[in-house]
Amino acid sequence: MDSDRRAPRSTAPRAGVHDLGVASASPFIVFAALTKSSAQQKLDRGIEQASGLYEQVKAFESARAYVPDTTRRRRSPEEVVYVSRAIERERPPDEWPLILGEIVHNLRSSLDHVIYAQASRSSRGTQFPVFLDPGKFQVKGMPRLRNVPSNVKTTVESLQPFNVTPNAPERDWLWVLHDLWNTDKHRNLTTVATSVQVPLVSYVHPNTTTLVTEWADRKPLHDGTHVVTATVSGPGAEDAALDPHFTYQVTVEGLPLRGSLSKIVRATFDAVHRCETGVAPPDESFFKVWSPFQTAMGK
């Protein structure tokens, strides 16, 4: 961005001397810059940490850390019950909640830094407000934007959850970030409980039926967690081959961790870029710095 454009302090968003849309030599650095704003530094650090955690979680989810242990109980010649429980071969690392707390802090702080830098006169109350309700935003949020240029105020309001996802503002990713940030101030995030995603049962035998009476869809996993109970009945029940199995994912406060990280990072990247430049970032500028994004989009 041309530094001459920063001169009219009261009207134009301000940023460091750099091109906001081009990545540097590092795959994790968001902005190519000789001088970066503090918002960009916080954002860079958060993205670097998020990318690292994303890859660790991906490896954990592919490592068969939880496998089924199935027992077979014969009720009669034509009825056999299978009960499957999880065996925990590897726990999620204890440091993940702490790493995630640092990620959330850096990303959320980048939003506050970008607003503080825009204010002609800053105070401790100058920050990026995030509200679910438009009335509360006007009463409590707008005072936090005092001395910030009007076009930046308009940008911030457009990014509020009640405008981005009006039918379900609590699902907006800036709100999710803000909520995780507040939670992490008081306790470790409940990360990283693992949960059963889709328990499955396969069998091969004619003249039988299989009834799944219990299964633990999206249930937190621990060693011994009950995963599925299935009853095979019919003349061929004793000869049936039943193979309960399941997949799992890592969650944070009940949300899929990898998919949530991708969307939170994207929302924060977009907000910082809009506040500093007044325009939305091109997709390619984000893809260059968040390589996991393309594989996370439908997860």
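Just a few scattered comments:
- Count Lys and Arg as plus one, Asp and Glu as minus one, and take only other residues whose Cβ is under 13 Å from that of Asp112; the net charge is then +4.
- In order along the range 264-271, the phi-based Karplus estimate (6.51 cos²θ - 1.76 cosθ + 1.60, θ = phi - 60°) of 3J(HN,Hα) comes to 5, 4, 5, 5, 5, 4, 4, 5 Hz; Gly and Pro are listed as x.
- Net charge of Cβ neighbours under 12 Å - reference Pro235; Lys, Arg +1; Asp, Glu -1: -4
- When the alpha carbon coordinates of the range 216-281 are projected onto the principal axes, the ranges are 71, 23, 11 Å, largest first.
- Ignoring aspartates and glutamates fewer than eight residues from Lys288 along the same chain, the ones with Cα atoms less than 18 angstrom from its Cα are Asp19, Asp44, Glu48, Glu55, Asp270.
- Eigen-decomposition of the gyration tensor built on the alpha-carbon atoms of the range 168-299 gives equivalent ellipsoid semi-axes of 43, 18, 11 angstrom, largest listed first.
- Ranked by how many other Cβ atoms sit within 10 Å of their own Cβ, fewest first, the residues Thr277, Thr194 fall in the order Thr277, Thr194.
- Peptide packing: for 262-271, 49-58, 162-171, the average count of neighbouring Cβ atoms within 10 Å per residue gives the ranking 262-271, 49-58, 162-171, highest mean first.
- Nonlocal amide H pairs with Ser37, under 5 Å, H built at 1.01 Å: Gly16
- Here the Karplus relation 6.51 cos²θ - 1.76 cosθ + 1.60, evaluated at θ = phi - 60°, turns the backbone of the range 80-95 into coupling constants of 10, 10, 10, 10, 10, 10, 7, 9, 8, 8, 7, 8, x, x, 5, 7 Hz, with x for every Gly and Pro.
- For a label point 7 Å along the Cα-to-beta-carbon line of Arg91, residues of the range 250-285 with backbone N under 17 Å: 250-251
- A cut-off of 5 Å between modelled amide H atoms, ignoring neighbours fewer than 5 places along the same chain, links Asp172 with no other residue.
- Net length gained if the chain between Arg121 and Asp243 were fully extended (0.36 nm per residue, minus Cα distance): 37.3 nm
- Listed by chain and number, the lysines placed with their C-alpha closer than 24 angstrom to that of Lys140 are Lys153, Lys185; residues fewer than eight positions away on the same chain are left out.
- For Phe131, neighbours were defined as the other residues whose beta-carbon sits under 13 Å from its Cβ, and their charges (Lys and Arg +1, Asp and Glu -1) total -2.
- Karplus-derived 3J(HN,Hα), 6.51/-1.76/1.60, for each residue of the range 217-230, Hz, glycine and proline x: 5, 6, 8, x, 9, 9, 5, x, 4, 5, 9, 7, 10, 9
Every number in this text was worked out from the coordinates using simple rules, so none of it is lab data. Remember, predicted model here, so these are calculated numbers, not experimental data. As a convention, Cβ positions derive from the backbone with ideal geometry for all residues, glycine included, and neighbour counts pool all protein chains shown.
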